[in-house]
Amino acid sequence: MRIDLPLLERRLDELYAIGAEPDGGAYRPLYGEAWAVACDRVEHWMREAELTVHRDAVGNVWGRLEGSRDAGGGKAVVTGSHIDTVRRGGRLDGALGIVAGLGAVQALEAEYGAPKRPLEVLVVCEEEGSRFNTNFWGSRAIVGAIQSGEADRWRDAAGVTLAQAMRERGLDPSHISAATRTDLDAFVELHIEQGSVLESADVPLGVVTTIAGGVHLQVTVIGRADHAGTTPMDLRLDALVGAAAMVEAIAHCAAVEGRPAVATVGKLRVEPDQINVVPGRVVFTVDLRHAELEACRNLTQGVRRVCETLATERGLGIEITTLHERPPVPMHADIRTGIEAAAAKEDVTAMALVSGAGHDAQILASRCRVGMLFVPSNDGRSHCPEEATDLADLELGTRVLARTLERLAY
């Protein structure tokens, strides 16, 4: 099976140029101008490949190769990824799954003709949540998980509602439910690892066992704002000193739990944020992840407990709120086996690993069988302009993806 590697590279470069930022990287926010241009570009490639193209009610783009017979109840085998990016995003996150998916389908059609069951390439309109505070907008629409009125509740930094942004692209928020699909059999996504496990093990391919569950907490530490010059150290109720101890303790909780547990304090706000005032209030976030539900719950309880203990020891008040909670999602055993068999045909043993990052596959798992394969990220870098993967690994990943789709659709 021949993969057109120059075409793969050229398409990746073309997408990366759309939404290019002056200080490096690309930004394609949901329903923005760069997003629209990128969707048009992929649709053009799909039509060139003689796929039947349509856009659903939220702007997901579907390119379909019809099946030669009604296999599997007519349910479709799908591959793809998301078109949106984070700010200063890299060349491969999301884009690789789209470009490689299209390349794999074209290679299969050239080699074998029409599949037995429908084969589709999916461009997910949004996954990152980098414009509106909602992740997986596209895949949640596909499984019918978007709540009534949700598009009117979310606003971007400029105050534009998601519903307004949809209308600017000719989409009607009242028709969101029309994006729901009930005819999907399997979804397989090729993605960069976005970490350094594969590279450190010197393995060119990974098969995902589970997408880690996650909990987002907001911790508010309440002390007392005092004059920085006149308040003795032993009489202070310094919220930032207490928060600093909590941040260190949170990292220790994850380290003691061991891989794949991770804990990150990514945002911290100090009040009153003055150089000469003892901080009276600190608000910070905690991102906790683990591949096992019970372990994730234990990690969350441990973090809550240690923060409350530290607050009590320092005479500080504390409030801990759960912002978001999502359970781990295992990949389907049949799809995993198919990926491993496809890799074996390329004389490669795929390494089993957990995905610490979230992906559309975890949402689509409620509707169909799902699986993911990873290629290495150089230096473990992602969500940045330095994001890169060796060309040989990109080709291998695309070939294994194609062979996996072959097993499912032909």
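Bear in mind these aren't lab numbers, they're just calculated from the coordinates by the rules spelled out. Fair warning: this is a prediction, and the values are worked out from it, not measured in the lab. Positions of Cβ are generated from backbone atoms using ideal geometry, with glycine treated the same way; all protein chains shown enter the neighbour counts.
Below are the figures for this structure:
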quantity	calculated
Cα centroid of the stretch 191-253 to Cα centroid of the stretch 337-352, whole Å	36 Å
Whichever lysines have a C-alpha closer than 24 Å to that of Lys116, once near sequence neighbours (fewer than 8 apart) are set aside	Lys75, Lys345
Proxy reagent accessibility, fewest Cβ within 10 Å first, across Ser366, Ser148	Ser148, Ser366
Sites Thr322 and Ala344, calculated FRET efficiency, Cβ-Cβ separation with R0 35 Å, nearest 0.05	0.25
Amide H contacts under 5 Å for Ser81, placed H, 5+ residues apart	Ile98, Leu122, Val124
Alpha carbon Rg of the stretch 365-406, scaled by the compact-globule rule 2.2 N^0.38 Å	1.43
Label-to-label distance, nm, for residues given as Asp390 and Asp13 (7 Å Cα→Cβ offset)	2.2 nm
Percent of beta bridges antiparallel (DSSP, the stretch 35-126, rounded to nearest 5)	60 percent
Most positive-pole-ward Cα, Leu396, Gly266, Val160, against dipole of the chain from beta carbon charges	Val160
Sorted by Cβ density within 10 Å, fewest first, the residues Leu293, Leu122	Leu293, Leu122
DSSP bridge orientation in the chain - percent antiparallel, rounded to nearest 5	65 percent
Footprinting exposure proxy for Tyr112, Tyr410, Tyr16 (fewest neighbouring C-beta atoms within 10 Å first)	Tyr112, Tyr410, Tyr16
Neighbour-limited loop hits for GluC sites (Glu not before Pro), the stretch 6-52 (at most 14 other Cβ within 10 Å; DSSP other than H, G, I, E, B)	Glu50
